[in-house]
Amino acid sequence: MFTDRKVMLDGKLRSDHAAKISPLHEGFLYGHGLFETIKVVAGRPVFLAAHHARLTTSAHALDLAYKLPLETLRERLLTVIKGNDLTNGSAKVTVFNQGDTPGELITVREQTYSAETYARGFRLQPRPAGRRVPGLSGHKTLNYLENIRARRAALAAGFDEALFIDTTGEVIEGAGTNLFIVRDGVALTPPLASGPLPGIARAQVLALLGSARARETVVTAADLHAATEVFVTNALLGVMPVTRIDETALTPGPFVRDLRTAYRVLESTPA
């Protein structure tokens, strides 16, 4: 645990209790903002260029004038990581509307997922969900209440993650993850047109496997039961095997095991 947690607010490193954000701007009042959660391995932010690209693209789409260069963001992250003596964990970059110049808050936390969690795998609780809101579903906005409530309900019921399925039976995504099913040796994931977040780990898995072994396609609730293996991804988890969907048990196999090994090598490679 951090004894004197350091954060960076608008480019200045300070103790967390000294960081003050006005409650009068739209970032606080209306959730007008974005965030990126970035894995830290060996004191280094992983896949930072991809996170920066998504953050700046989303900022432009949501009328936030955030144009911080990649290398400046890298320097700021490394300063906060070093200031907290963090080796493995995560950093969170939050950009919020505070007037003409958007605010930026960088925080870090220690590693949370253990080897035992990967050995056990995730248990998913399907939950009904409406179609995603056009213009918002593709961005990691501060309007995250539906996801938080769904995941908390899943945890309370003995699961690890909620899985959103719309009224037509189409699988969208997890509350904080992207879903993949494995069928006939190919990993299938819902297309962005269905409304999932364009996850950083999702994109890395698609690129790592290539078009012969992974593709986007509509995934239905029925497809979940026909899958030989299932896994979820996000920037912190990487590749997490799924061992249960509702009351149906699943057994992780060689596809997910080998993919997880290759992915860990990828995220450990400096970029």
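No value in this document is a laboratory result; all are computed from the given coordinates. No experiment lies behind these values; they were computed from the predicted model shown. Quick reminder, even Gly has a Cβ in these numbers, built from the backbone with ideal geometry, and neighbours come from all protein chains shown.
Using only Cα atoms, tell me the angle between helix 70-83 and the longest principal axis of the chain; keep it within 0 to 90° and round to the nearest 10. Its long axis makes an angle of about 80 degrees.
As a ratio to 2.2 N^0.38 Å, the alpha-carbon radius of gyration computed for region 86-162 takes the value 1.41. The slack between Lys20 and Arg215, meaning 0.36 nm per residue of separation minus the straight C-alpha distance, is 65.7 nm.
Within region 135-271, DSSP assigns beta bridges of which about 85% are antiparallel (rounded to the nearest 5).
The longest part of the chain holding none of the exposed loop trypsin sites (Lys or Arg not before Pro), meaning those outside H, G, I, E and B in DSSP with at most 16 other Cβ atoms within 10 Å, is 132-212. Three principal axis extents describe the C-alpha atoms of region 121-172; from largest down they are 33, 27, 17 Å.
Quick check on the chain: what are the equivalent-ellipsoid semi-axes from the Cα gyration tensor, as sqrt(5λ), descending, whole Å? Show your work: numbers first, answer last.
On the way: eigenvalues 198, 90, 61 Å².
Over the Cα atoms of the chain, the ellipsoid semi-axes are 31, 21, 17 Å.
The count of lysine pairs in the chain whose Cα atoms are under 15 Å apart, excluding pairs fewer than 8 places apart on the same chain, comes to 9. Multiplying the residue separation of Asp246 and Arg152 by 0.36 nm and subtracting their alpha-carbon distance yields 32.3 nm. Considering region 155-271 at the alpha-carbon level, its Rg and Dmax are found to be 13.4, 43 Å.
Counting other Cβ atoms within 10 Å of each Cβ, which chymotrypsin sites (Phe, Trp or Tyr not before Pro) in region 27-72 have at most 16 and sit in a DSSP loop? Write down the numbers at each step before the final one.
Details: sites: Phe28, Tyr30, Phe35, Phe47, Tyr66; in loops: Tyr30, Phe47, Tyr66.
Hits after loop and neighbour filter: Tyr30.
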